[in-house]
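Worksheet: one structure, shown below.
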Amino acid sequence: MQFRNFKMVGYVVYGRGSFNQLDEILAPQRKPNAPMVFLVDHFFEGKALPNRIPLRGNDVIIFADVTYEPKTKQVDALALQLKEQFGEVSGIIGIGGGSTMDLAKAVALMMNNPGSSADYQGWDLVKYAGVYKAGIPTLSGTGAEVSRTTVLTGPTRKLGMNSDFTPFDQIVLDPELCKDAPANQRFYTGMDCYIHCIESLEGTFLNEFSKSYGEKALQLCREVFLGNSPWSDIKDDKLMMASYAGGMSIAYSQVGVAHAVSYGLSYLLGTKHGIGNCIVMNHLEEYYPQGVREFKQMVQENNIDIPQGICSGLTEEQFDTMMNVSLGMKPLWENALGKDWEQIMTREKLRALYEKL
Ligand code: NAD
Ligand code: ZN
């Protein structure tokens, strides 16, 4: 038995207003004439947050267009631009949702690794440590702030750069930054965390490490999304910790059916991660009966619309593409259904599931 020896985030600061400590946190990381690059979710362009970023010397703010989830091309272009403009940078600071944080991680790695980020999609392919990187979430749920991956869509696949070099050196968890997130987006991203918990806790890879974090994250998700009370600061505080704990839970287990199926949707249709997981979870009674019942209650209490019928009118070839992507996520299926998963999740069965979505 080989136990996973995994690398974690270096430093963590948590609390409302902790963003104000960013200047002192970054000071020891600064190198002469090499800027800090703040990669900021484009939602914040023209808002108050960029004015609070502690710019020094030749530091720059780059607004990241996250209309679509990060692509290897986008990562390569950003890394090239920074190398041409500055030669060396002191660090990359990602401020935003999972998409912006993933972009920041990937660009930081590509500052020191040759070729294209597409060459490193997979497990433990990254050769050299990247430059210093920090993650500052403005949406809670993905767990991207703690994970050892950065999910990218490349020319041939949607797969992360999973490596010991991928986790952030520093994360700043300031729930105040989430206050303007729209209710729908907050829900979809929050459900990513809820679904991580269900998939981890109901999976065959479960152990006490994953369970400890998963149960805590699940409890926090329930406190946030059940009970019909209006949104509040304390909910943002809790959801940020749920995201962190949910991410720690899957770090030592794996996700499951909702993610495996949702990856197919996202590859073919560009469906975003949070909403895609919700679309799939809505139809997974057979695999996660209790979790799906509670999920539906959360949807109802929070007055959220989950799109239906998104696979109607797709061609045979398109269904095949989605199924190939999905069935390629072997560890996810094995976690969900056990070693004999291929006997359980046949192509016919998966096809029937996609048709329901
Ligand atoms: P996102 O980062 O894609 O952002 C969704 C939308 O919310 C965007 O329009 C963004 O501009 C906006 N937004 C962000 N913060 C906001 C705020 N405070 N107020 C208002 N609007 C705000 O959403 P997400 O769900 O956080 O991230 C999804 C991404 O995370 C996907 O690309 C997925 O692949 C990735 N992901 C990564 C991991 C990992 O371990 N690395 C895990 C799960 C998901
Ligand atoms: Zn997820």
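Select from region 68-79 the residues that are crowded, with 18+ Cβ neighbours inside 10 Å and either part of a loop (DSSP other than H, G, I, E, B) or of a type in the set (A, V, I, L, M, F, W, C) (or both) and list them in ascending order. Passing the criteria: E69, P70, V75, L78, A79. Listed by position, the helices (runs of 4 or more DSSP H) inside region 244-357 whose residues that are surrounded by fewer than 21 Cβ atoms within 10 Å (Cβ to Cβ) and not acidic (D, E) number at least 2 are 257-269, 289-301, 316-327, 330-337, 341-344, 347-356.
Return the residue satisfying two criteria in turn: it lies in region 164-205 and is part of a helix (DSSP H, G or I) and away from ligand 2 (no atom under 16 Å from the Cβ), and of such residues it is farthest from P331 (Cα to Cα). Top of the filtered list is E176.
Please enumerate the residues belonging to region 80-100 that are open to solvent by 10 Å² or more (accessible area, probe 1.4 Å) and closer than 28 Å to G141 by Cα.
Once the filter is applied, which keeps residues that are open to solvent by 10 Å² or more (accessible area, probe 1.4 Å) and closer than 28 Å to G141 by Cα, region 80-100 yields G98, S99.
Among the numbered conditions (1) assigned by TED's automatic domain parsing to the domain that holds A104; (2) free of Cβ contacts under 8 Å to residues at least 12 places away in the same chain, the only one that I234 does not meet is (1).
Taking residues in region 117-135 that are surrounded by fewer than 14 Cβ atoms within 10 Å (Cβ to Cβ), and partners anywhere that are aromatic (F, W, Y), the pairs with Cβ atoms closer than 8 Å and at least 6 places apart or on different chains are Y128/F165.
Would you be able to say whether some residue in region 65-74 is more than 14 Å from V107 (Cα to Cα), over 20 Å from the mean Cα position of the chain (by Cα) and not β-branched (V, I, T)? The answer is no; no qualifying residue exists. Within the option set S116, S90, S140, being over 22 Å from N5 (Cα atoms), within 16 Å of ligand 1 (Cβ to nearest atom) and among the polar types (S, T, N, Q) holds for one residue only, S140.
Criterion applied to Y263, Y252 was being touching a strand residue (DSSP E or B) at 6+ places or on another chain (Cβ under 7 Å) and of a type outside the set (D, E, K, R), and the one residue passing it is Y263. Considering region 1-43, and only residues there that are in a strand (DSSP E or B) and aliphatic (A, V, I, L, M), the residue that is most open to solvent (accessible area, probe 1.4 Å) turns out to be V12. Within region 147-156, being buried (at least 23 other Cβ atoms within 10 Å of the Cβ) and either outside the structural domain of Y120 (by TED's automatic domain parsing) or under 10 Å from the mean Cα position of the chain (by Cα) (or both) holds for S147, T150, V151.
The values are calculated or read from the model by the stated rules, or taken from the named source; none is laboratory data. Because the structure is a prediction, the values reported are computed rather than measured. Neighbour counts are summed over all protein chains in view; Cβ atoms, including those assigned to glycine, are modelled from backbone coordinates with ideal geometry. Keep in mind that these areas ignore ligands, DNA and RNA; they rest on the heavy atoms of the full protein, side chains included. Shrake-Rupley method; radii C 1.70, N 1.55, O 1.52, S 1.80 Å.
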